[in-house]
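A.B. asks: Encoded as structure tokens, here's the structure I'll be asking about.
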Amino acid sequence: WDNADFSRGIGTTYYQEYLTLNTAKPPFVRDVEAKVRRYLRSSYSAAWTLKITWEKAPAYAAWTDTRRTVTYQAVLTTDGFRSYILMLFQEGGMQWDYTKLPATNVLIGYT
């Protein structure tokens, strides 16, 4: 996601933090917990969650194409012992034309 380019005033990045230790959990956090449980087949109760959203983000360099934007999220969550990240992309996946990016060895995900 470091290849997003907001220099032309197109797109937005925002975040929301959820402190849920000893408090009622909002539906979003309950959904994150359910995803972790389902994907990892283990019990999980979030103590803290951070949602970062890149909305209508154009690819770097924005001067080449500002029509193809993408919305995606990274959700970091921990129970205080284990930590997870969910990477969520809009319907249809990443829409950037990677052939126009400066680097051609593009990866979606993390290593």
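The values are calculated or read from the model by the stated rules, or taken from the named source; none is laboratory data. Predicted model, so just to flag it, every value in this text is computed and none were measured. Here the Cβ positions follow ideal geometry from the backbone for every residue, glycine too, while neighbour counts run over all protein chains shown. Each accessible area value is taken on the protein alone, full model and side chains, heavy atoms only, with ligands, DNA and RNA left out. Shrake-Rupley method; radii C 1.70, N 1.55, O 1.52, S 1.80 Å.
A.B. asks: Distance from the Cα centre of region 36-58 to that of region 76-91, in angstrom?
C.D. replies: Going from one Cα centre to the other spans 3 Å.
A.B. asks: Please give the length that would be gained between Thr53 and Ser83 if that part of the chain were fully extended, namely 0.36 nm times their separation in residues minus their C-alpha to C-alpha distance (nm, one decimal).
C.D. replies: 8.9 nm
A.B. asks: Next question, about the same structure. Sticking with the crude label model, points 7 Å out along Cα→Cβ, report the distance from Ala74 to Lys35 in nm, one decimal please.
C.D. replies: Going from the Ala74 label point to the Lys35 one covers 1.4 nm.
A.B. asks: Note down the accessible area of Thr53, probe 1.4 Å, to the nearest 10 Å².
C.D. replies: Looks like 10 Å² after rounding.
A.B. asks: Oh, and also: Run the simple label-point estimate for Ser7 and Asn22 please: 7 Å along Cα→C-beta, distance reported in nm.
C.D. replies: Result for the modelled spin labels: 4.8 nm.
A.B. asks: While we're here: How much accessible area per residue does region 12-100 have, counting only protein heavy atoms and a probe of 1.4 Å, in square angstrom?
C.D. replies: Counting only protein heavy atoms, the per-residue value for region 12-100 is 63 Å².
A.B. asks: Can you bin every Cα-Cα distance in region 12-100 into 5 Å intervals starting at zero and give me the percent of pairs per bin, rounded to whole numbers?
C.D. replies: Once binned at 5 Å, the Cα pair distances of region 12-100 give 3, 13, 21, 19, 14, 11, 9, 7, 3, 0.
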